[in-house]
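K.L.:
If you scroll down you'll find the structure; I have some questions about it.
The values are calculated or read from the model by the stated rules, or taken from the named source; none is laboratory data. Keep in mind it's a predicted model, so treat the numbers as computed, not measured. Here the Cβ positions follow ideal geometry from the backbone for every residue, glycine too, while neighbour counts run over all protein chains shown. In case anyone asks, the SASA skips ligands and DNA or RNA and just uses the protein heavy atoms, side chains included. Shrake-Rupley method; radii C 1.70, N 1.55, O 1.52, S 1.80 Å.
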Amino acid sequence: MGAAGIGKTRLLAEVAARADARGHIVLRGAAADLERDIAFHVFIEALDEYVESAEPRRLGNLPEEVRTELSRVFPSLAHLGRADAVRLQGERFRINRAVRELLERLAATKPLVLILDDFHWADPASVDLAGSLLRRLPSAAVLLVFGARPHHGSMRLTSTLDRALRERALTRIELNPLTSAEAAEMLGRPDADQTTAALFEESGGNPFYLEQLARSPELADRVSGGPQVSVDGVRVPPLVLTALTEELARLSPLARRALEGASVAGDPFEPEMAATAAGIAEQEAMDAIDELLAADIIRATDVPRRFRFRHPIVRRAVYESAPGGWRIGAHERAAEAL
């Protein structure tokens, strides 16, 4: 588990490499926000191509009812179903049981590692299937590995994972931001010099943000100009802006406008000033604060009624993506209030 850019996919790649080196079967899939209307999408992506190439004898002797249920899920196994079979959904329990048996068959000769990334975007059917597999683990050497962002999944996913954790069917690995020393090591610098300190402060220790900032041509010019380095005025790297734009697109219009007001008000900020800059009522701003906290875009500080952005670069991305004319008006409203 971890925020966007914290290194979940990189960790999963390391798991896959080590499992492959040991001769295990490694299958990978990733959920996608735009594929939530496709039932079992993440499992199909991970398993369908492999089962299509599997030896017929490994699947041919499955019970007829199991083959029928699998044919409703995996396109490559459609030929195993009966012509009069009801298509998909309906008998979710039997489908879940059939997939469990499929995993057991695939892992009959060597261990199977099934890696499912971005599971916070998984469709409801995939979440239910994952919950079923965690409640009744396959009776074979099968390792399920999930990568997900906290605060982004559905309530169904949250309750599924919480239950598995309570029952000790799942181990949670929380990825934390880099320390300044780790940031220096990642950038190939022997010590946390002025440049590393500036990048570390702006990125909040997020490896993806740190890497993209370090590649900025504007920053390279400043580093060559002298020992004092600042990221002020350096534009948010395009890849970071794209990633954050996708995250911000999930917010309600009110929460997005309050967040833009907060980016003008400062970091940290008070809800009253964010509301003034955004041109919304204070109560609307407080309602938006709850949504922004739940999405982990802003965080509370030790000072009551004062909040901060998750990372400084998040604030700059919000500010830069706001319409230019609107920003002028927001600054005028904030200046008048001050």
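K.L.:
Could you say whether any residue in region 110-119 is modelled with pLDDT of 90 or more and surrounded by fewer than 19 Cβ atoms within 10 Å (Cβ to Cβ)?
P.N.:
yes
K.L.:
Which one of the conditions (1) of a type outside the set (A, V, I, L, M); (2) in a loop (DSSP other than H, G, I, E, B); (3) exposed (fewer than 13 other Cβ atoms within 10 Å of the Cβ) does Asp296 fail to meet, given that it meets all the rest?
P.N.:
Result: Asp296 passes all but (3).
K.L.:
Please indicate, with yes or no, whether at least one residue in region 139-149 is part of a loop (DSSP other than H, G, I, E, B), more than 22 Å from Ala32 (Cβ to Cβ) and modelled with pLDDT under 90.
P.N.:
Within region 139-149, not a single residue is part of a loop (DSSP other than H, G, I, E, B), more than 22 Å from Ala32 (Cβ to Cβ) and modelled with pLDDT under 90.
K.L.:
Also, I was wondering about something else. Looking at region 103-124, I want the residues that are more than 14 Å from Phe146 (Cα to Cα) and among the basic types (Lys, Arg) and have a partner that is outside any helix (DSSP H, G or I) and at pLDDT 90 or above with Cβ atoms under 7 Å, at least 6 apart or on another chain. Which pairs are those?
P.N.:
Lys110/Gly23; Lys110/His24; Lys110/Ile25
K.L.:
Return the only residue of Val240, Val223, Val229, Val236 being in contact with a helix residue (DSSP H, G or I) (Cβ under 6 Å, 6 or more places away or on another chain), modelled with pLDDT under 90 and open to solvent by 30 Å² or more (accessible area, probe 1.4 Å).
P.N.:
Criteria check complete, one pass: Val223.
K.L.:
Need pairs with beta-carbon distance below 6 Å; first residue of a type in the set (Asp, Glu) and within region 60-79, second modelled with pLDDT of 85 or more; sequence gap 6+ or separate chains.
P.N.:
What qualifies is Glu69/Arg94; Glu69/Ile95; Glu69/Ala98.
K.L.:
If you don't mind, another one. Of the conditions (1) part of a helix (DSSP H, G or I); (2) more than 20 Å from Ser132 (Cα to Cα); (3) at pLDDT 80 or above; (4) open to solvent by 20 Å² or more (accessible area, probe 1.4 Å), Val26 fails just one. Which one is it?
P.N.:
(1)
K.L.:
While we're looking at this one, here's another question. Considering each of Arg305, Arg315 in turn, give the residue that is in a helix (DSSP H, G or I) and open to solvent by 60 Å² or more (accessible area, probe 1.4 Å).
P.N.:
Within the list Arg305, Arg315, the selection yields Arg315.
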